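The structure appears below as structure tokens.
The values are calculated or read from the model by the stated rules, or taken from the named source; none is laboratory data. This one's a predicted model, so the numbers in the text were calculated from it and none came from an experiment. Cβ placement follows ideal geometry from the backbone for every residue including glycine, while neighbour counts extend to all protein chains displayed. We work out accessible area using only protein heavy atoms, side chains counted, and drop any ligands, DNA or RNA first. Shrake-Rupley method; radii C 1.70, N 1.55, O 1.52, S 1.80 Å.
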Amino acid sequence: KFLQSELELKENELKFLKMQIHPHFLFNTLNTMYGFALKKADETPEMILKLSNLLDYILYQVDKPLVFLKDEINHINDYLELEKLRFHDTLEVHLNVENIPANFQVDTMLLIPFVENSFKHGEIINGKLVISISVYMKENVLFFEIINSAKTKNEIAKGIGLVNIKKRLEMLYKEGFSLTIKNANDHFEVNLSINEF
């Protein structure tokens, strides 16, 4: 009974951490869409469609303990397409995906908070916000790396999204992951590796 109670407590805490991320993510997206609607921008219908895809993923996948990594990557792609509409020519984003097995699974919404933070705290330098994302497998280890341009060091690492994702990683993978965050003068970098599933 004690072990069962502990397990239920951990599951509830994990769900709570996930639900803290979703409203934050949706708030940012809706704010962007609101700005476009005020301007009566031609891109607004496409943004609504992209948001619909994102909501579909969040609503129907969030309660699953695991999702296919390829679906998580597709979710990131939809998010990036939405941001491309918002930033127009001031965004340069690269997404590199390699060696991902079709059946490989991860926790739902595990990577998107890092992508969100790269937009929220990234800065336009020489007319461009530059974001580079890599997801790949090597010797049965998952690597996720993201770098965004930034002018000065700041307190990005203390944001609610990153605090929550650290807690989730600790609960899910215990000692089987490594997370490093580098806050340099001209860029912000996150490196995550997971080797225990």
## Note on the structure
Quick note, region 58-197: a/c under 1.5 would make it rounded; otherwise a/b > b/c is prolate and the rest oblate (a ≥ b ≥ c, C-alpha gyration tensor); here it is prolate
### Message
I'd like the accessible area for Glu145, computed on protein heavy atoms only with a 1.4 Å probe and all protein chains in place. Round to 10 Å², please.
### Response
60 Å²
### Query
In vacuo Debye scattering of region 50-137, one point per C-alpha: log10 I(q)/I(0) at q = 0.26 Å⁻¹?
-1.38
### Query
Ordering Thr32, Thr90 by how much accessible area each has at a 1.4 Å probe, largest first, what is the list?
Thr90, Thr32
### Summary
Rounded to 0.05, the calculated FRET efficiency for the beta carbons of Ile73 and Lys40 at R₀ = 35 Å is 0.60
### Task
Scan around Gln105 for amide H atoms under 5 Å from its own, H built in the peptide plane at 1.01 Å from N, and keep only partners 5 or more places away or cross-chain.
Leu69
### Task
Leaving ligands, DNA and RNA out of it, rank Asp107, Asp89, Asp186 by accessible area with a 1.4 Å probe, largest first.
Asp89, Asp186, Asp107
### Query
Karplus couplings for region 177-193 from phi (6.51 cos²θ - 1.76 cosθ + 1.60, θ = phi - 60°), rounded to Hz, Gly and Pro as x?
9, 9, 10, 10, 10, 10, 10, 9, 6, 10, 7, 10, 9, 10, 10, 10, 10
### Exposure rank, largest accessible area first [Val115, Val163; 1.4 Å]
Val163, Val115
